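Worksheet: one structure, shown below.
Every number in this text was worked out from the coordinates using simple rules, so none of it is lab data. This one's a predicted model, so the numbers in the text were calculated from it and none came from an experiment. Every residue, glycine among them, receives a Cβ derived from its backbone with ideal geometry; neighbour counts consider all protein chains shown.
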Number of protein chains: 8
Amino acid sequence: MKMNKKIWSVYLSGEIHSDWRDQIAEGVKRAGLPIHLDGPNCVHADSDDCGSVILGSEKNVFWHDRKSAAMNAIRTRTLIASADVVVVRFGEKFKQWNAAFDAGNAAALGKPLITLHSPEYNHAMKEIDAVALAVCETPKQVVQTLAYATNAELPRNKKPISAE
Amino acid sequence: MKMNKKIWSVYLSGEIHSDWRDQIAEGVKRAGLPIHLDGPNCVHADSDDCGSVILGSEKNVFWHDRKSAAMNAIRTRTLIASADVVVVRFGEKFKQWNAAFDAGNAAALGKPLITLHSPEYNHAMKEIDAVALAVCETPKQVVQTLAYATNAELPRNKKPISAE
Amino acid sequence: MKMNKKIWSVYLSGEIHSDWRDQIAEGVKRAGLPIHLDGPNCVHADSDDCGSVILGSEKNVFWHDRKSAAMNAIRTRTLIASADVVVVRFGEKFKQWNAAFDAGNAAALGKPLITLHSPEYNHAMKEIDAVALAVCETPKQVVQTLAYATNAELPRNKKPISAE
Amino acid sequence: MKMNKKIWSVYLSGEIHSDWRDQIAEGVKRAGLPIHLDGPNCVHADSDDCGSVILGSEKNVFWHDRKSAAMNAIRTRTLIASADVVVVRFGEKFKQWNAAFDAGNAAALGKPLITLHSPEYNHAMKEIDAVALAVCETPKQVVQTLAYATNAELPRNKKPISAE
Amino acid sequence: MKMNKKIWSVYLSGEIHSDWRDQIAEGVKRAGLPIHLDGPNCVHADSDDCGSVILGSEKNVFWHDRKSAAMNAIRTRTLIASADVVVVRFGEKFKQWNAAFDAGNAAALGKPLITLHSPEYNHAMKEIDAVALAVCETPKQVVQTLAYATNAELPRNKKPISAE
Amino acid sequence: MKMNKKIWSVYLSGEIHSDWRDQIAEGVKRAGLPIHLDGPNCVHADSDDCGSVILGSEKNVFWHDRKSAAMNAIRTRTLIASADVVVVRFGEKFKQWNAAFDAGNAAALGKPLITLHSPEYNHAMKEIDAVALAVCETPKQVVQTLAYATNAELPRNKKPISAE
Amino acid sequence: MKMNKKIWSVYLSGEIHSDWRDQIAEGVKRAGLPIHLDGPNCVHADSDDCGSVILGSEKNVFWHDRKSAAMNAIRTRTLIASADVVVVRFGEKFKQWNAAFDAGNAAALGKPLITLHSPEYNHAMKEIDAVALAVCETPKQVVQTLAYATNAELPRNKKPISAE
Amino acid sequence: MKMNKKIWSVYLSGEIHSDWRDQIAEGVKRAGLPIHLDGPNCVHADSDDCGSVILGSEKNVFWHDRKSAAMNAIRTRTLIASADVVVVRFGEKFKQWNAAFDAGNAAALGKPLITLHSPEYNHAMKEIDAVALAVCETPKQVVQTLAYATNAELPRNKKPISAE
């Protein structure tokens, strides 16, 4: 059966210090998937300073942070609200509470959630992984998951699977 | 009165072992209906194994199943959420609890529901049929229902109806 | 200030025995309004018989009616849910409880409601008019209301207004 | 199995010129059902004049009606929103568009709906009956339906039923 | 820390031919859990006939079934909507599509879901189990799960667990 | 990483007596931002009289106002409901309660809110500013905020910021 | 018909510099209405300073205000969300944008709204009055409106009304 | 003005290794606040093992974690959904992504959020603090915030505040 294809909006949340978004974007492009990718501003310094740069500087760093966090939320909240699927990446550095916060938002909004993190964080991620629909270790797995979700394409040239 | 036409998204849930989706797709195409069709991945083996193929195999078949069921849900949940109408087909084989689950989801989301099943399941289907807006026995009836819903076309070349 | 225009979906509910929909469609077209019009199936006989014609006839007229009412609801519920504005027309004939039911649906969904009826029904319509954002007597007023809502066009060539 | 009982809120909408609410209230009381009944103000004159009596009279009857309709809606909207089940009665007199409007509201809010009307209105009521979960002809049937819904009590001393 | 206790509403959906509800009710009572239990009418014959007994018999068994299914839904829909947690039991007999439908409803409404079924249905249940927060094989496990959820009581007199 | 761009809908609410909307529109155009702008009818006289001009004049100025306010709400409510972001401007004249009302609507609907007002109103605006994600003093700041939110563009040619 | 009475939650928003809340509370008490009243903290100085008093003082008055506004919102948002009816009072002093903001919140949440203000603000209040279900000039009218809404009591010892 | 008091449900999320919940409970009790406190299971070992203890052990620690995380979510999701206010505590140990996830959930559900953490985490917490209505450093401040929100009590015996 031939079916017209919906363009899926996929929001890539979380870590901004490695090239995982590029890897996913490249994979999505190479596979020709019907996917529109979005994400937060990934320039760390801009993300930290945007509020003060645009609205005026603050002497108190707490309010400096507040202004930028709120300004970033204009983008984040809008794009998560309009996403079909949310992917959240947890890396090695920082507390990354904003990533977990995004995951909580997405879950409460009923968005299918995909997590991406090293197995060493499995225990710390257990509550979020428990509501995720796929727990990936590599960007390639995310692309394969998206290819399967949108196009029903499965990379069967892998070794036979043991279970069942 | 001439009216512009909305493109309707219709999700075809349920049985994946007969060609009912192809029959509906063909009927929709032949009638030139303003309809975009979607459905789950219909390759049974892929649907069963996708989780392990992409994310790694599991020794325990319960978790092998869990991984694939969750992965399929990325597609299912997204497409049901964005559908205008949901058609659910119940066939002869298997428990088909996932089809009934999809119907429950669609009903709770306020989506118009069309069921498609043999009359021999009428009693077992009574709770779901009671919230459905049409109970069909054939794919042809589904196409006619969709033609009527979207284009107000009724196949009046049928025999006169008895009631009223 | 120049602004891009949103295409508005306007659903025309209610009476199907006069040409009020055509008048509105013509007015909308003539004024070049950015509006997409929808409505129920307006062929009374088809609307009464669709369920039995497609799904099989019923001896009992109550169930004959039920089948058709449910089938019509596939269209009605979908289009009201995706409408920006709902116009409900009350005419001279019949009980028209389905029109009032549509109005109740639209109101509960937060859709701006416009009513269209003769002043002689003002008292009977008072509960519905009280939630409507415009109470019109003529299709022309509906078109002017839609022109104002979508394009901010006001027919000022009318006589000066008395109040204020 | 013994279960604690929830107190159900049942809103009785519609006709205010016969004693059907009293009959239901009496039946509910006699059967000791765990039900809290509510309804609109049933004094027709007060319902018509409340707005002007409290807020000041209007020369224009259209606005006289508007004030009262809106004031009645404070009660109606609040109680329908907090109801578990909505019963809507359609009688012989008046247009009763407000009753159908209440039914549309209740349906859009996902409230189980019970209709109560003479069979002579079956055709006119077909769209509302199609979303109702029970179509009753007598207040006694409404009480029996509520007894079954809340207490699982069925009046089996009736004659054996023919179907099945 | 001492905390006041919320009374939890737990709805027991599904199979009505074994005493699993009684076992859970007894366990809940013995453990003194702050839980209010609800469920469907469990008398199969009444559940099948309620519509015709109260509203009048039907010659056509399809509509006989429809009337009763809708009438049962007054109870089912109301209690699932007001439940905190939904438990769904799948047994050996019948298609049980209504149980899976209830599960789909509960999931779409965001209710925590607990499933109860024999491991032999694990594969057929995989889509529903994937959204459930606990998959139980015995009523005792359901009671222990509820005791843990409401009172944070864990039966640690069990053998030491192997993992971790 | 290259990403396709979503077209954002931004609603410009509030003051209609200065050219702030034009300044924002011009800034958005010059920067080539992927933004669709909307707003209320900005012709004060039309906004005051629309109801009476289209639907008939009123002797009582209270109802004259009511008719126009409701008619304007068709546009306002529809466009706020479909907006991604809402900007609310408070100027020097009038009570501007409708602007604050729009802000309350937007906040309750979860729309990211940007306020635009002179610092002299900071104290009076504190409750609304507390839910806003950016508090701007100039249209230029609004454009920069929108450029950052949609395109992640930050005007770094500004002086270095002091905090952090 | 005798009916059990629901206890209504009524939130009194707006002006905090006159005794209108006391007048309403007294009226509600004297009439024995089934109403639970709530409102914001009405001590102006505390409302202005609460954030800094509890969380630490701020040098910048903008952030001093922010802290208090947010802290007051804990109460305001919670109580408006759990109210059945919201009354909003507009007085002579200050901008009162927070009152209009509360009204916008209540309207978007579907809460029946009652406004209370002098007729001299009719024009400025027209957008909010247009969604209100009663526009009162005195606390006594508010009490009478609440008495009518909750108890169907109408003070008919007034002069005969002119219209109709 | 005397007002009846609503009992507020406050959910205490996050860190389970210090006695902050006890401090808040004691403060709430001492102040006689109209507050009902809830929180997760705070016994770390039980929280980690509950799934396997009740439902059967798992060889694979990933699924051992999954079972427990899901089981804990029955309590967490239910209580956050029924809370009026959510307090989230971030401590020194662990990743605490579940706490940030709870915060994201609460925010998306529109619950007023209070955060409790050391100033050293201000930067890492900036996105969550930006949606919080109060950012506290001590349990005492949380109690004072709750006393102000529920009872309008402000500890004015503090030093005069500098700003304003």
Tally, over region B:96-120, of residues that are farther than 18 Å from E:Ala132 by Cα, part of a loop (DSSP other than H, G, I, E, B) and touching a helix residue (DSSP H, G or I) at 6+ places or on another chain (Cβ under 9 Å): 5
Looking at (1) surrounded by fewer than 22 Cβ atoms within 10 Å (Cβ to Cβ); (2) more than 8 Å from chain B (Cβ to nearest Cβ); (3) more than 19 Å from the chain's Cα centre (by Cα), find the lone condition where C:Val61 falls short. (2)
Over region E:53-82, the set of residues within 25 Å of D:Lys5 (Cα to Cα) and either touching a His at 6+ places or on another chain (Cβ under 9 Å) or among the polar types (S, T, N, Q) (or both) is E:Ser68, E:Asn72, E:Thr76, E:Thr78, E:Ser82
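Give me a count of the residues in region G:101-110 that are in contact with an Asp or Glu (Cβ under 9 Å, 6 or more places away or on another chain) and either surrounded by fewer than 22 Cβ atoms within 10 Å (Cβ to Cβ) or among the hydrophobic types (A, V, I, L, M, F, W, C) (or both). Even if it seems obvious, please write down each step before you answer.
Restricting attention to region G:101-110, the residues satisfying the condition of being in contact with an Asp or Glu (Cβ under 9 Å, 6 or more places away or on another chain) are G:101-102, G:104.
From what is left, the residues that are either surrounded by fewer than 22 Cβ atoms within 10 Å (Cβ to Cβ) or among the hydrophobic types (A, V, I, L, M, F, W, C) (or both) are G:101.
Residues meeting the conditions: 1.
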Would you check if G:Ala81 is within 8 Å of chain H (Cβ to nearest Cβ), within 30 Å of H:Ser118 (Cβ to Cβ) and not aromatic (Phe, Trp, Tyr)? no
Top-ranked residue in region C:1-20 [being in contact (Cβ under 8 Å) with a residue 60 or more places away in the chain and at the interface with chain B (Cβ under 9 Å from one of its Cβ atoms); ranked as farthest from C:Arg66 (Cα to Cα)]: C:Ser9
Looking only at residues in region E:96-112 that are among the hydrophobic types (A, V, I, L, M, F, W, C) and over 23 Å from B:Ser82 (Cβ atoms), which one is farthest from the other protein chains (Cβ to nearest Cβ)? E:Ala99
Do we have D:Arg21 as surrounded by fewer than 18 Cβ atoms within 10 Å (Cβ to Cβ) and farther than 30 Å from E:Pro139 by Cα here? no
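Looking at this structure, is D:Ala132 within 11 Å of chain C (Cβ to nearest Cβ) and buried (at least 22 other Cβ atoms within 10 Å of the Cβ)?
Working: within 11 Å of chain C (Cβ to nearest Cβ): yes; buried (at least 22 other Cβ atoms within 10 Å of the Cβ): yes.
When the stated conditions are applied, D:Ala132 passes them.
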Looking at (1) facing chain C (nearest Cβ under 7 Å); (2) farther than 26 Å from F:Trp63 by Cβ; (3) assigned to a helix (DSSP H, G or I), find the lone condition where D:His123 falls short. (3)
Within region F:78-93, how many residues turn out to be part of a loop (DSSP other than H, G, I, E, B) and touching a residue at least 40 places away in the same chain (Cβ under 8 Å)? 6
Answer yes or no as to whether G:Ala152 is in contact with a Lys or Arg (Cβ under 8 Å, 6 or more places away or on another chain) and within 11 Å of chain F (Cβ to nearest Cβ). no
So which residues in region B:114-129 are out of contact with any strand residue (DSSP E or B) (no Cβ under 7 Å at 6 or more places or on another chain) and under 12 Å from E:Ala70 (Cα atoms)? B:Lys126, B:Glu127
Complete set of residues in region G:88-116 that are in contact with a Pro (Cβ under 9 Å, 6 or more places away or on another chain) and among the small types (Gly, Ala, Ser): G:Ala106
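Can you pull out every residue in region G:18-68 that is charged (D, E, K, R), outside any loop (DSSP other than H, G, I, E, B) and out of contact with any Gly (no Cβ under 9 Å at 6 or more places or on another chain)?
Within region G:18-68, the subset charged (D, E, K, R) is G:19, G:21-22, G:26, G:29-30, G:38, G:46, G:48-49, G:58-59, G:65-67.
Checking which are outside any loop (DSSP other than H, G, I, E, B) leaves us with G:21-22, G:26, G:29-30, G:38, G:46, G:48-49, G:65-67.
Passing the criteria: G:Asp22, G:Glu26, G:Lys29, G:Arg30, G:Asp38, G:Asp46, G:Asp48, G:Asp49.
I'd like the residue in region C:25-54 that is over 18 Å from B:Tyr148 (Cα atoms) and at the interface with another protein chain (Cβ under 8 Å from one of its Cβ atoms) and, out of all such residues, is surrounded by the most Cβ atoms within 10 Å (Cβ to Cβ). Let's see the steps before the verdict.
As a first pass, look at region C:25-54 and keep what is over 18 Å from B:Tyr148 (Cα atoms): C:25-36.
With at the interface with another protein chain (Cβ under 8 Å from one of its Cβ atoms) added as a condition, the list becomes C:25, C:36.
Numbers: C:Ala25: 20, C:His36: 18.
That would be C:Ala25.
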I'm checking my understanding of the structure. Among residues of region E:74-95 that are touching a helix residue (DSSP H, G or I) at 6+ places or on another chain (Cβ under 7 Å), within 22 Å of D:Trp8 (Cβ to Cβ) and hydrophobic (A, V, I, L, M, F, W, C), which one is surrounded by the most Cβ atoms within 10 Å (Cβ to Cβ)? E:Val87
